[in-house]
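Mind having a look at this structure? Questions to follow.
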Amino acid sequence: MPNYTFKTPTVSEGPIGGHRLFYFRKKNVGVTIVKYDGVYSTVRYVQDSYVNEAQESYRGGHEYTVDDARKAELIAGGVGVTEANFTIQ
């Protein structure tokens with residue numbers, strides 16, 4: 001069974017500043033994925049206590065090593081994870 005590098009989904013946020021030129025610029029922000037009671041959900045702004053209580057957590061903007069079973073669970077979880085979020089190691 002191969003392992004995969006999992007990178008959490010991102011969302012585009014903007015504007016990134018107060019000057020009028022910043023209104024044309026956006027940045028990609030990672031979204032945290034947590035699993036409670038067997039159900040995956042996404043969290044934009046997460047607190048440490050919330051993540052520590054979860055069964056699983058994948059902080060936005062980070063990369064994780066997962067196996068085939070976990071990859072299938074994340075894709076089927078309905079939180080915006082697709083094959084594009086994984087690269088084979």
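The values are calculated or read from the model by the stated rules, or taken from the named source; none is laboratory data. Since this is a predicted model, take the numbers as computed values, not measurements. Cβ atoms come from the backbone with ideal geometry, glycine included; neighbour counts cover every protein chain shown.
For the stretch 34-69: of the residues being more than 14 Å from the chain's Cα centre (by Cα) and among the charged types (D, E, K, R), which is modelled with the lowest pLDDT? Give the derivation first.
Keep residues of the stretch 34-69 that are more than 14 Å from the chain's Cα centre (by Cα), which gives 36-39, 47-50, 52-55, 67-69.
Filter once more, so that each one left must be among the charged types (D, E, K, R): 37, 48, 53, 67-68.
Numbers: ASP37: 92, ASP48: 88, GLU53: 91, ASP67: 96, ASP68: 95.
Once the filter is applied, the top-ranked residue is ASP48.
Name the single residue that is surrounded by the most Cβ atoms within 10 Å (Cβ to Cβ) among those in the stretch 1-59 being assigned to a loop (DSSP other than H, G, I, E, B) and among the aliphatic types (A, V, I, L, M).
First, pick out the residues of the stretch 1-59 that are assigned to a loop (DSSP other than H, G, I, E, B): 1-3, 8-9, 14-19, 25-26, 31, 37-38, 44-47, 54-55, 59.
Of the ones still in play, those that are also among the aliphatic types (A, V, I, L, M) are 1, 16, 31, 46, 54.
Working: MET1: 6, ILE16: 13, VAL31: 20, VAL46: 17, ALA54: 18.
Here the residue is VAL31.
Criterion first (at negative phi, of a type outside the set (Lys, Arg) and touching a strand residue (DSSP E or B) at 6+ places or on another chain (Cβ under 9 Å)) does LEU74 satisfy it? Don't jump to the end; show me each part of the working.
Numbers: at negative phi: yes; of a type outside the set (Lys, Arg): yes; touching a strand residue (DSSP E or B) at 6+ places or on another chain (Cβ under 9 Å): yes.
For LEU74, the condition - at negative phi, of a type outside the set (Lys, Arg) and touching a strand residue (DSSP E or B) at 6+ places or on another chain (Cβ under 9 Å) - is met.
Looking at VAL43, VAL31, which one is of a type outside the set (Gly, Ala, Ser) and in contact with a Pro (Cβ under 9 Å, 6 or more places away or on another chain)? Give the steps one after another, and end with the answer.
Numbers: VAL43 fails: in contact with a Pro (Cβ under 9 Å, 6 or more places away or on another chain).
Selected residue: VAL31, the only one of VAL43, VAL31 that is of a type outside the set (Gly, Ala, Ser) and in contact with a Pro (Cβ under 9 Å, 6 or more places away or on another chain).
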